[in-house]
1. Kindly indicate whether any position in the stretch 157-180 is closer than 20 Å to residue 39 by Cα and not small (Gly, Ala, Ser).
2. Could you check the stretch 102-142 and list, in sequence order, the residues that are aromatic (Phe, Trp, Tyr), within 29 Å of residue 36 (Cα to Cα) and surrounded by fewer than 18 Cβ atoms within 10 Å (Cβ to Cβ)?
3. Scan the stretch 120-154 for residues that are in contact (Cβ under 8 Å) with a residue 60 or more places away in the chain, part of a loop (DSSP other than H, G, I, E, B) and more than 11 Å from the chain's Cα centre (by Cα) and jot them down.
4. If I ask for residues that are of a type outside the set (Ser, Thr, Tyr) and in contact (Cβ under 8 Å) with a residue 40 or more places away in the chain, which ones from the stretch 174-198 would you list?
5. Considering only the stretch 95-108, I want to know if a residue exists there that is on the phi > 0 side of the Ramachandran plot and of a type in the set (D, E, K, R).
6. Give the residues of the stretch 143-173 that are charged (D, E, K, R) and either surrounded by 21 or more Cβ atoms within 10 Å (Cβ to Cβ) or touching a Phe, Trp or Tyr at 6+ places or on another chain (Cβ under 8 Å) (or both), sorted by residue number.
7. When you check residue 118 against the structure, is it in contact with an Asp or Glu (Cβ under 6 Å, 6 or more places away or on another chain), of a type in the set (Asp, Glu) and at pLDDT 95 or above, yes or no?
8. Need pairs with beta-carbon distance below 8 Å; first residue at pLDDT below 95 and of a type outside the set (D, E, K, R) and within the stretch 29-41, second surrounded by 12 or more Cβ atoms within 10 Å (Cβ to Cβ) and in a loop (DSSP other than H, G, I, E, B); sequence gap 6+ or separate chains.
Amino acid sequence: MSAEKRETKQINGFYNSLYYEEAKHNFADKKNRFNSYLIKNVLDIYSPGESEKILDVGCGWGNISIELLKRGLNVIGLDYSEKAIEICKKTAKKLGLDDAGFICENATKTKFENMSFDVIYCADLVEHLYPDDFFALLGEAKRILKMGGKLIIYTPNPFHIFELLKRYNIILKKDTSHVDYKTMDELKKSLSGNGFLVKKAYYIESHVPIINEIERMFINIIPIFRRRNAVLAIKIT
């Protein structure tokens with residue numbers, strides 16, 4: 001077995017085992033603070049129009065895709081994990097939505113035609129990607145986005161207090177699925193160097209009550225209060 005196939009099997013095995021079972025609170029049919037927080041934050045970065053064709057890359061539990069389907073929008077949910085797509089399809093059927101748009105595929109090597117999409121969402125995805133895969137993802141996103149298409153990235157900020165505690169297993173458990181955090185500067189530099197114009201780049205507070213009120217007041221001056229990086233980039237070349 002080649003090194004590439006071996007690595008693919010290992011990664012797919014990881015995300016098809018306990019990863020989704022250990023975070024059941026994230027399932028898209030669950031009404032909770034975290035899901036509402038995720039959907040609001042991601043769609044605040046960019047809210048798509050009815051005529052736009054949308055790709056939700058690394059759709060995971062389907063939170064973003066399911067919300068867009070509820071709104072009657074044209075969205076495809078893509079994930080590398082067979083387990084994730086199985087969950088998304090079950091959730092869509094449970095909610096009376098069309099599940100045909102959920103597909104299992106490698107986001108760095110899709111079968112979509114050039115310039116197929118108006119909008120691509122990457123919500124809570126890039127922290128799961130090693131640098132080579134991240135740049136491959138940007139290249140593929142550029143290929144399948146229309147000129148002027150929007151790429152939305154939403155990812156944990158590595159300098160937030162929660163992430164610092166997780167890194168050293170202090171109070172909070174380290175998330176081993178987060179293999180390479182991207183700083184805001186790294187995101188902007190990577191996008192600008194790969195045919196995108198960064199239109200919006202800002203930080204978002206956490207979803208934890210009281211703490212988020214403090215974070216909101218100091219988010220622009222104290223890095224440990226910056227829970228999420230939010231970026232909107234436009235394809236220009």
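1. yes
2. Selection gives 130 alone.
3. none
4. 178, 179, 180, 182, 184, 187, 188, 191, 194, 195, 196
5. No, that holds for no residue.
6. 146, 150, 163
7. yes
8. Between residues of the stretch 29-41 that are at pLDDT below 95 and of a type outside the set (D, E, K, R) and residues that are surrounded by 12 or more Cβ atoms within 10 Å (Cβ to Cβ) and in a loop (DSSP other than H, G, I, E, B), the close pairs are 34/207; 35/28.
The values are calculated or read from the model by the stated rules, or taken from the named source; none is laboratory data. Since we're looking at a predicted model, the values are computed, not measured. We place every Cβ from the backbone using ideal geometry, glycine too, and count neighbours over all the protein chains shown.
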